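See structure below.
The values are calculated or read from the model by the stated rules, or taken from the named source; none is laboratory data. What you see is a predicted model; the values in this text were computed from it and never measured. Here the Cβ positions follow ideal geometry from the backbone for every residue, glycine too, while neighbour counts run over all protein chains shown. For the accessible areas, the whole protein counts, side chains as well, though only heavy atoms, and no ligand, DNA or RNA atoms are used. Shrake-Rupley method; radii C 1.70, N 1.55, O 1.52, S 1.80 Å.
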Amino acid sequence: MTGPFAFATAGDIRFGRGAAREAVPALAAMGDAALLVTGGTPERADWLRAALEQAGVRVTVFAVPGEPDLPLIERGMAAARASAAQSVIALGGGAAIDAGKAIAALLPAVRPVRDHLEVVGKGLTLEHDPLPFAAIPTTAGTGAEVTRNAVIAVPEARRKVSLRDARMLPKLAIVDPALTDGCPRGVTLASGLDAITQVIEPYLSSRANVMTDALCRDAIPKGLAALRDLMGGEQAGARDAMAWVSLCGGLALANSGLGVVHGLAGPLGGLSGAAHGTICGALLPAGLRANARAGQGDARLQLRMGEVRGWIAQALGGAAPDAFDTLHRWSRAAGLPGLDAQGITEEMRAQAADAAVQSSSMKANPVALSRADLSNLMEQAR
């Protein structure tokens, strides 16, 4: 029997090759002045800036060179105010999209920014609706184009925390797989493992529902096969599949939550500065082992763990019972660094184990994990 559930997402999702250029009129209709948030190489957005200007929009470009922190968000807000921006458009990876989403959300706010941040602030909801916001991802990983939060580093607290509000769901999400073509191998691997984590964790989540299950059951095997193929060389079909999997991950996590991998990845990223996707990829096999071990008496969880094992074995080879070890070996052979190689120390791991209990992601983990479980998990991911 299908139980009750709610499902919220972006106001308008457009998917397919060529979708980004086709959406220029809709982007231009969001306002006469736009802040265009890009990644660290803003020239990659020149085509969009030119197209918007040709459509009569006054464009100010704001570059995000790395994962966003609070000072960068405040600089972006200042740039938006100085240009009298009426809308915010983000073209880039998850960092650019999170930054754009946060700028659009906080620009109308009257309280100090930290009041709206979780963990390090008061976690207050926004007093006013965000500016119209559009997200155009150029990597297949975070699914941030359809989520209701933005992850922001707070350097003085050495934490990455979320700004979260249901109204932060983008007005327009444009997923054009062509924008991911030629993405560097290392970025493809880390972002792809992040995308796969974000369809596995919602599928195992204690908050999973029939809608997120439908998305994840399709996306998990498709993502594993596509990432395997992309590690062998550039393939347009595999890029299309990974873009779809990333979108599914964003849709699923926004509605059923995540789990222990993301519960630890946030604190570890804030403490070390290591890239989010790389941390998630390193933690995923050990996180699956920990949940499977702790949930041995949970028939539902064991059934789903069996499915995940089967999908991994189907894509990467080996026997299904050994699938988590297979995933660990495969990802390392493909070039993914472990936690040690990412600069994550024993002290950081200890702090992350303490901090994870406060994480919103841990609240959806399918089973309770002890601090010792978390420490052992990270030890395996070294």
_For Leu117, what residues show an amide H to amide H distance below 5 Å, using hydrogens built from the backbone and excluding near sequence neighbours?_
Lys122, Gly123, Leu124
*Mind jotting down the distance between the C-alpha centroids of the range 11-26 and the range 62-102, whole Å?*
21
*Scan (1) 65; (2) 23; (3) 29 for the value of percent of Cα pairs over 34 Å apart calculated from this model and give just the label.*
(2)
*Mean accessible surface per residue for the range 267-325, computed with a 1.4 Å probe while every protein chain stays in place, in Å²*: 35
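Can you compute the charge dipole magnitude of the range 234-382 about its Cα centre, using +1 on each Lys and Arg Cβ and -1 on each Asp and Glu Cβ, nothing else charged? Give it in debye, rounded to the nearest 20. Write down the numbers at each step before the final one.
Values: 12 positive and 12 negative charges, 49 e Å.
Dipole about the Cα centre, nearest 20: 240 debye.
Would you please classify the overall shape of the range 236-276 from the alpha carbon gyration tensor, given that a ≥ b ≥ c denote the square roots of the eigenvalues, rounded means a/c under 1.5, and beyond that prolate means a/b larger than b/c while oblate covers the rest? Provide the component values of the computation, followed by the final result.
Working: a/c = 3.99, a/b = 1.60, b/c = 2.49.
Oblate, because a/c is 1.5 or more while a/b does not exceed b/c.
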*Quickly rank 102-109, 302-309, 355-362 as a protection proxy: mean count of other C-beta atoms within 10 Å, highest first.*
102-109, 355-362, 302-309
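For Cys248, Cys183, what's the largest-to-smallest order of accessible area, 1.4 Å probe?
Working: Cys248 0, Cys183 25 Å².
Largest to smallest exposure gives the sequence Cys183, Cys248.
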*Can you pull the accessible area of Phe15 for me, 1.4 Å probe, Å² to the nearest 10?*
90
*Kindly write out, for the range 274-291 in residue order, the coupling ³J(HN,Hα) from the Karplus curve 6.51 cos²θ - 1.76 cosθ + 1.60 (θ = phi - 60°), rounded to whole Hz, with x marking Gly and Pro.*
5, 5, 4, x, 5, 5, 4, x, 5, 7, 4, x, 5, x, 5, 4, 4, 5
*From the Cα gyration tensor of the range 238-382, with a ≥ b ≥ c the square roots of its eigenvalues, which class applies: rounded if a/c is under 1.5, or else prolate if a/b is larger than b/c, or else oblate?*
rounded
*Within the chain, what is the number of lysine pairs with alpha carbons under 24 Å apart, leaving out pairs fewer than eight places apart on the same chain?*
7
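Of the peptides 341-354, 274-287, how do they stack up when ordered by the mean number of other Cβ atoms within 10 Å, highest first? Please list the in-between numbers first.
On the way: 341-354: 16.9, 274-287: 26.1.
Peptide ranking by packing, descending: 274-287, 341-354.
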*Calculated from DSSP H runs of 4 or more alone, at -39500 (n - 2.57) each and per residue, what is the 222 nm mean residue ellipticity of the chain, nearest 500?*
-16000 deg cm²/dmol
*asked:* Taking amide H atoms as placed 1.01 Å from N in the peptide plane, list the residues 5 or more away in sequence, or in a different chain, whose amide H sits under 5 Å from that of Val37.
replied: Phe62, Ile89, Ala90, Leu91
*asked:* Can you list residues from other chains, or at least 5 along the same chain, whose modelled amide H is less than 5 Å from the amide H of Arg159?
replied: Val154
*List the GluC sites (Glu not before Pro) within the range 64-153 that fall in a DSSP loop (any state other than H, G, I, E or B) and whose Cβ has at most 12 other Cβ atoms within 10 Å.*
Glu127
